[in-house]
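First up is the structure itself, then whatever we jot down about it.
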DNA sequence: TTGTAGGCGTTATCAT
DNA sequence: ATGATAACGCCTACAA
């Protein structure tokens, strides 16, 4: 349990500490024999280099910081949180880095946590989740030239190392396909206006309609919180207002779509016969409900892995400044949509 | 961006480095005036103590390690993962510690990750998730007297610092209440046999029946993977085998219960009229399905917080060796169960 | 009340 | 091919 240091090994192997250090870094200017000898002693004593001491002299701690404001996960729904963390953790380890995780109960606190990690030198770089309020923070980090990678998109500053999916394209493609299936009067149930994801997904909807030259009906665009209840209420209201004049609900998030599904059920409408429903994110619940919810799936885990990988590259490669990586999405067809008659 | 050190502050404030150090630790043997003077300089230069350097001299890094095997989260379902991490993160921060997160793709790798964190001295203590295969690891840590806290229960070694819920009691209480509602022929849909949670929940079921002197029907106990599909298949089979001789399904996890719900629906059985269903964990989906699933809710986040808190106490208080903290559960009544006629 | 010096465990530079 | 030495940034006796 007591710390075995490089000195202990040196003494035991009857060499100097520097020799041991060289063995650790597998220096090639050291004889095979002493290498073996030292390695044996290391094994025998159970020696492991002290990461802290290393960090101090190397001025690098080999760890990445992940800071998440808790409101973010509420906004983005739970599974996102799980998968993104798993992805980041996996990517981090693959690069032989450690991951420091900090959560914050507000965006305000998020900035503080970030600054704390950075200034106390506990991490070599940061992974951040895009949100509507951390633009300032991101701006500062950019100015300071501090290594970081953004997951998602920040409205104002687009030339930033980040990994994201293309929400605009994903929705546009989905809507285009739905139109080709025969749907025409598509309600768009958006998330809150001030989220970039909301705006992007809505734009995809608009572009698809435009391209298909479908007349645009502003009343079909509706905003709600990213929640089941909000989706349910809004859909109920829409269903009673527009009756026969709608044939599909596009939920900007599965929760919204699930709420709409429930509203349709309550009204006695058959899905997909009377109304089609599609969501976004492929939450676990999407495959559990009945009928199964057609939805758009983001390979979230992969995004996390890519982010970690890119961050390490930024840290280690002097000349590399990062890039924008867009991960393709995929439509998961289930029973809540169908070819129209 | 360049590191401001204690020396810079010292020079600027025209004192010695040790004085600055004393100001940082708010030593009381230092004059108010120099304290102020130094503090001002620190603020002006944007000084933050280097956590790494501190760790090296203090032989303590003020950070906790959380190691999770990814199979664990699959077994325990997603929301658990999210909440436990959030709870641990929150608790860790409240104690002014940092959190290092490592995930592993197997239990084998889990041990390696743990050992790595420990031996390289990157953390002062560990939070571990109980699983059927990490008994050895836990045993070793105990022998080494290394600070750790277990979340959940390890079969073999019970006298261990841990926080858990009482699965036996939770199920027993629920079943007892269900019996008082008029249910009698209760199917128990257990998770895999080798999980401690499975065994405990099953035992709760047994104890309740025993106490109520309900004759025991071994054929009503069934095992399945913790998954929706497994629950669905098993329930379908049970429903066709036992027809009128069952009136409730107790799923050892919500996913199992949700599968059973679906099986009932497929069969055209009304829930709760024809058959009652109850689950465990209160997954988000439990409130989204129709009828809403009655289930047992564990305050997971609080468990995480407690674990972090306790671990810090173990680390910091010489005499404190940890304890067993049992967090009470709560039954969430929804529409899938009802008072029987 | 403040300063000096040595050390935490490692690496890197300069000798040898 | 190996060893001595200084440094990384901080803390803490011990001295003054």
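Okay, residues lined up against (1) part of a strand (DSSP E or B); (2) facing chain A (nearest Cβ under 9 Å); (3) under 30 Å from residue B:190 (Cα atoms):
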{"site": "B:54", "(1), (2), (3)": "no, yes, no"}
{"site": "B:67", "(1), (2), (3)": "yes, no, yes"}
{"site": "B:80", "(1), (2), (3)": "no, no, yes"}
{"site": "B:93", "(1), (2), (3)": "no, yes, no"}
{"site": "B:102", "(1), (2), (3)": "yes, yes, yes"}
{"site": "B:122", "(1), (2), (3)": "no, yes, no"}
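How many residues are more than 9 Å from DNA strand D (Cβ to nearest atom) and within 14 Å of chain A (Cβ to nearest Cβ) if we restrict to the range B:1-15?
So the count comes out to 1.
Quick one: would you say residue B:175 is in a helix (DSSP H, G or I), closer than 16 Å to residue B:195 by Cβ and away from chain A (no Cβ under 14 Å)?
When the stated conditions are applied, residue B:175 does not pass them.
Which condition number in (1) touching a strand residue (DSSP E or B) at 6+ places or on another chain (Cβ under 6 Å); (2) in a helix (DSSP H, G or I); (3) at positive phi is the one that residue B:243 fails?
The one condition residue B:243 does not meet is (1).
Quickly run through the range B:104-120 and pick out the residues that are surrounded by fewer than 23 Cβ atoms within 10 Å (Cβ to Cβ), more than 11 Å from every other protein chain (Cβ to nearest Cβ) and in contact (Cβ under 8 Å) with a residue 24 or more places away in the chain.
Hits for the range B:104-120 are B:106, B:107, B:111.
Would you mind finding the one in A:18, A:27 that is surrounded by fewer than 14 Cβ atoms within 10 Å (Cβ to Cβ), more than 14 Å from chain B (Cβ to nearest Cβ) and either away from DNA strand D (no atom under 12 Å from the Cβ) or not in a loop (DSSP other than H, G, I, E, B) (or both)?
Going through A:18, A:27 in turn, the sole match is A:18.
Given (1) more than 24 Å from residue A:296 (Cα to Cα); (2) more than 14 Å from chain B (Cβ to nearest Cβ); (3) in a loop (DSSP other than H, G, I, E, B), where does residue A:136 come up short, assuming only one miss?
(3)
Between residues in the range A:24-50 that are within 26 Å of residue B:122 (Cβ to Cβ) and residues that are within 9 Å of DNA strand D (Cβ to nearest atom), which pairs lie under 6 Å by C-beta distance while being six or more apart or on different chains?
Filtered contacts from the range A:24-50: A:38/A:13; A:38/A:20; A:38/A:23; A:41/A:13.
Scanning the range B:139-172 for residues that are assigned to a loop (DSSP other than H, G, I, E, B) and buried (at least 18 other Cβ atoms within 10 Å of the Cβ), which turns out farthest from the other protein chains (Cβ to nearest Cβ)?
Among residues in the range B:139-172 that are assigned to a loop (DSSP other than H, G, I, E, B) and buried (at least 18 other Cβ atoms within 10 Å of the Cβ), the one farthest from the other protein chains (Cβ to nearest Cβ) is B:153.
Can you name the number of the only condition in (1) in the same structural domain as residue A:88 (by TED's automatic domain parsing); (2) at pLDDT 90 or above that residue A:178 fails?
All conditions are met except number (1).
Report, by residue number, each residue of the range B:270-305 that is assigned to a helix (DSSP H, G or I) and crowded, with 22+ Cβ neighbours inside 10 Å.
Answer for the range B:270-305, where residues must be assigned to a helix (DSSP H, G or I) and crowded, with 22+ Cβ neighbours inside 10 Å: B:285, B:286, B:288, B:300, B:303, B:304, B:305.
For the range B:187-207, name all the residues that are closer than 22 Å to residue B:242 by Cα and modelled with pLDDT of 95 or more.
B:187, B:188, B:189, B:190, B:202, B:205, B:206
Would you confirm whether any residue within the range A:316-324 is assigned to a helix (DSSP H, G or I) and surrounded by fewer than 18 Cβ atoms within 10 Å (Cβ to Cβ)?
For the range A:316-324, residues assigned to a helix (DSSP H, G or I) and surrounded by fewer than 18 Cβ atoms within 10 Å (Cβ to Cβ): present.
Has the range A:301-322 got any residue that is more than 19 Å from the chain's Cα centre (by Cα), touching a residue at least 40 places away in the same chain (Cβ under 8 Å) and over 20 Å from residue A:189 (Cα atoms)?
yes
Here's the yes/no breakdown for (1) outside the structural domain of residue B:188 (by TED's automatic domain parsing); (2) touching a residue at least 60 places away in the same chain (Cβ under 8 Å); (3) surrounded by 14 or more Cβ atoms within 10 Å (Cβ to Cβ); (4) under 21 Å from residue B:340 (Cα atoms):
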site: B:209; (1), (2), (3), (4): no, no, yes, yes
site: B:218; (1), (2), (3), (4): no, no, no, no
site: B:221; (1), (2), (3), (4): no, no, yes, no
site: B:226; (1), (2), (3), (4): no, yes, yes, no
site: B:244; (1), (2), (3), (4): no, no, no, yes
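Tell me, please, whether a residue that is part of a helix (DSSP H, G or I) and under 18 Å from the mean Cα position of the chain (by Cα) can be found in the range B:186-196.
Yes: one or more hits.
Return yes when residue B:225 is closer than 22 Å to residue B:79 by Cβ and outside any helix (DSSP H, G or I) and no when it is not.
yes
All but one of (1) out of contact with any strand residue (DSSP E or B) (no Cβ under 7 Å at 6 or more places or on another chain); (2) crowded, with 17+ Cβ neighbours inside 10 Å; (3) in a helix (DSSP H, G or I) hold for residue A:231; which doesn't?
Of (1) out of contact with any strand residue (DSSP E or B) (no Cβ under 7 Å at 6 or more places or on another chain); (2) crowded, with 17+ Cβ neighbours inside 10 Å; (3) in a helix (DSSP H, G or I), only one is false for residue A:231: (1).
Taking the stated definitions as given, is residue B:264 more than 24 Å from residue B:200 (Cβ to Cβ), out of contact with any strand residue (DSSP E or B) (no Cβ under 6 Å at 6 or more places or on another chain) and within 12 Å of another protein chain (Cβ to nearest Cβ)?
yes
Which residue, of B:288, B:255, is within 14 Å of another protein chain (Cβ to nearest Cβ), under 18 Å from residue B:197 (Cβ atoms), more than 14 Å from the chain's Cα centre (by Cα) and modelled with pLDDT under 95?
Testing whether each residue is within 14 Å of another protein chain (Cβ to nearest Cβ), under 18 Å from residue B:197 (Cβ atoms), more than 14 Å from the chain's Cα centre (by Cα) and modelled with pLDDT under 95 leaves just B:255.
Listed residues B:39, B:35, B:43, B:11; which is more than 13 Å from DNA strand C (Cβ to nearest atom), farther than 27 Å from residue B:317 by Cα and not assigned by TED's automatic domain parsing to the domain that holds residue B:286?
B:43
The values are calculated or read from the model by the stated rules, or taken from the named source; none is laboratory data. Only a predicted model underlies this, so the values are computations on that prediction, with no experimental measurement involved. Note that each Cβ is placed from the backbone with ideal geometry, even for glycine, and that neighbours are counted across all protein chains shown.
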